[in-house]
Amino acid sequence: MPHSHASKPPRILIVGGGYAGLYTARRVLNKLRRDEAQVTVVDPRSYMTYLPFLPEAAGGNVADRNLVAPLRPALKGAEVVTGHVVGVDHTRRTVTVVPPAGDEYELDFDHLVVATGSVSRTFPIPGLADHGIGLKTVEEAVSLRNHVLWQLDRADSTTDPEVRRKALTFVFVGGGFAGVEAIGEIEDMARDAAKNYRHISRDDMRFMLVEAANRILPEMGPDLGLWTKRKLEERGIEVHLETSMESCVDRQVVLKNGVETPASTIVWTAGVKPSPLLTDFGLPLGPRGHIDTAATLQVQGFDNVWSAGDNAQVPDLAVGEGAWCPPNAQHACRQATVLGDNIVARLRGRRQKEYRHKNLGAVASIGLHKGVAIMFGRIKLKGRPAWWFHRLYHGAMMPTMNRKIRVFLDWTLAMFLRRETVGLPQMAHPREAFVDAALPEPMLRRADRSDNLSLVTGDGHSAR
């Protein structure tokens, strides 16, 4: 409930608990004096997801629970509210929160930080909404893993060559970090899993990576992008450049270059866009829907509203005039530090600093013991050294010591134990077995079982 400005300290209200939101809140909490301000974080999820580990979770190298940081333990001293912010009244300085249960209500603020992050950028491609699988949340990563392993079960159990071909075809759209890392990890997992099947080998599978540009991993530069493409192709992965997916109706994938194939697995990783919720926040937006933000991370035209991360259009002073910071974790974490310092400085009547950060480089894993990295703009690594650097960097960046230890333990155990390749496709609908048992009519049970099987196998057209 809203507090009285006269009786309580000012409230710093942070909308979003991702990179920018979590790290801003932690920075502010570390800087504040006792009772100097109240920090409130509002997010529909009660945890922050470490997105760079989603491909490893999909491939089974990191346990899903270990790539999320629960907000309440990570933000001791802050108020964490689970819910959606659906509107902002800047005159009254209030936001409207819709909780998961009960009626909506208002929270007031003295300083507002908008860090809603991004969502998958999609296009109106026929069939995509029905059959595409995203990779922006831990739930999607786990679902993708279970789905892929279930396709192997289907293929091993059928004598129908068309069903088998469809089940063993995996299409990934988007050749940036997410797409390349995802196809690398999933191909590795499928290759390992095939050893457990009598009627499946890696040669029976078809992996396709589709990219509209003329190269993959553009952030890595042309030489590392070409090296990565060559390594993927050596593993039997088809890389289709300068093309796009035109349709996937009924899971029949049609590419612009004329390639056509049935595929039960269609993974969409073709970029991100700012959260569409921003249109209801009454803030100035850039041409692509990002919040127009000054180098101090204050929203243009406001002295008490701030933004950072994927939903913010922040000038990249290290690059020069007209450049904007790309939407990645490196910038989000470092912007949060400056943002937190600037809010505290504002509370104390001090001057704000501008955000300036020179890109330290980039790392990408393309499967177990395989990776590429570029450090400080000039040092380039390939293969196992890059993969080790990828793990050390992201392991160190994982928030909270609890999660760092758990992630490194996952990796350590994987050095001595075989990869787990058990799929649990029914996890998406855990009550089905009970409902089936509870239905009084055998006919209803048979119909329900048939509908649900279509949904799980990926051949159904509806979701319940």
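Rule-based calculations on the coordinates, nothing more; no lab input. Predicted model, so just to flag it, every value in this text is computed and none were measured. Using ideal geometry, Cβ is built from the backbone for each residue, glycine included, and neighbour counts are taken over all protein chains shown.
In this simple spin-label approximation, D153 and R288 carry label points 7 Å from Cα along the Cα→Cβ vector, and these lie 4.0 nm apart. The antiparallel fraction among DSSP beta bridges confined to the chain stands at about 50%.
Database remark: amide H of V253 closer than 5 angstrom to the amide H of T261, A263 (H placed geometrically; neighbours at sequence offset of 5 or more, or on other chains; Pro and chain starts carry no H). Label the range 228-371 by shape, choosing from rounded, prolate and oblate, from the square roots a ≥ b ≥ c of the eigenvalues of the Cα gyration tensor; if a/c is under 1.5 it is rounded, and otherwise prolate applies when a/b is larger than b/c, oblate when it is not. Since a/c reaches 1.5 and a/b is larger than b/c, the shape of the range 228-371 is classed as prolate. When peptides 195-203, 246-254, 140-148 are ranked by their average number of other Cβ atoms within 10 Å per residue, the highest-first order is 140-148, 246-254, 195-203. Against the longest alpha carbon principal axis of the chain, how many degrees, from 0 to 90 and to the nearest 10, is the axis of helix 329-347 turned? So the helix axis and the longest Cα principal axis differ by about 20 degrees. Other residues within the sphere of radius under 15 Å centred on the Cβ of S118, judged by their own Cβ, net out at +2 (K and R +1, D and E -1). Considering only beta bridges that DSSP places wholly inside the range 2-84, some 25 percent are antiparallel.
Output the 0 to 90 degree angle, nearest 10, between the alpha-carbon long axis of helix 222-234 and the longest principal axis computed from the alpha carbons of the chain. The answer is roughly 30 degrees.
By the helix-only formula, in which each DSSP H run with n ≥ 4 contributes -39500 (n - 2.57) and the sum is divided by residues, the chain has a 222 nm mean residue ellipticity of -10500 deg cm²/dmol. Legend: translational diffusion of the chain by Stokes-Einstein, Rh = Kirkwood radius over C-alpha pairs, 37 °C, 0.692 mPa s; D = 138 µm²/s.
Under Stokes-Einstein, with the Kirkwood radius over Cα pairs as Rh, the value for the range 129-220 at 25 °C and 0.890 mPa s is 174 µm²/s. When peptides 411-422, 21-32 are ranked by their average number of other Cβ atoms within 10 Å per residue, the highest-first order is 21-32, 411-422.
Against the main long axis of the alpha-carbon atoms of the chain, helix 19-31 sits at an angle near 40°. Positive contributions from Lys and Arg (+1) and negative ones from Asp and Glu (-1), summed over other residues with Cβ under 11 Å from the Cβ of R27, come out at +2. Put a plus charge on the Cβ of each Lys and Arg, a minus charge on the Cβ of each Asp and Glu, and nothing anywhere else: the dipole of the chain about its Cα centre is then about 1880 debye. Extension gain, K195 to L317, is 38.8 nm, computed as 0.36 nm per intervening residue step minus the present C-alpha separation. Seen from E104, the other residues with C-beta closer than 14 Å to its C-beta sum to a net charge of -4, counting Lys and Arg as +1 and Asp and Glu as -1.
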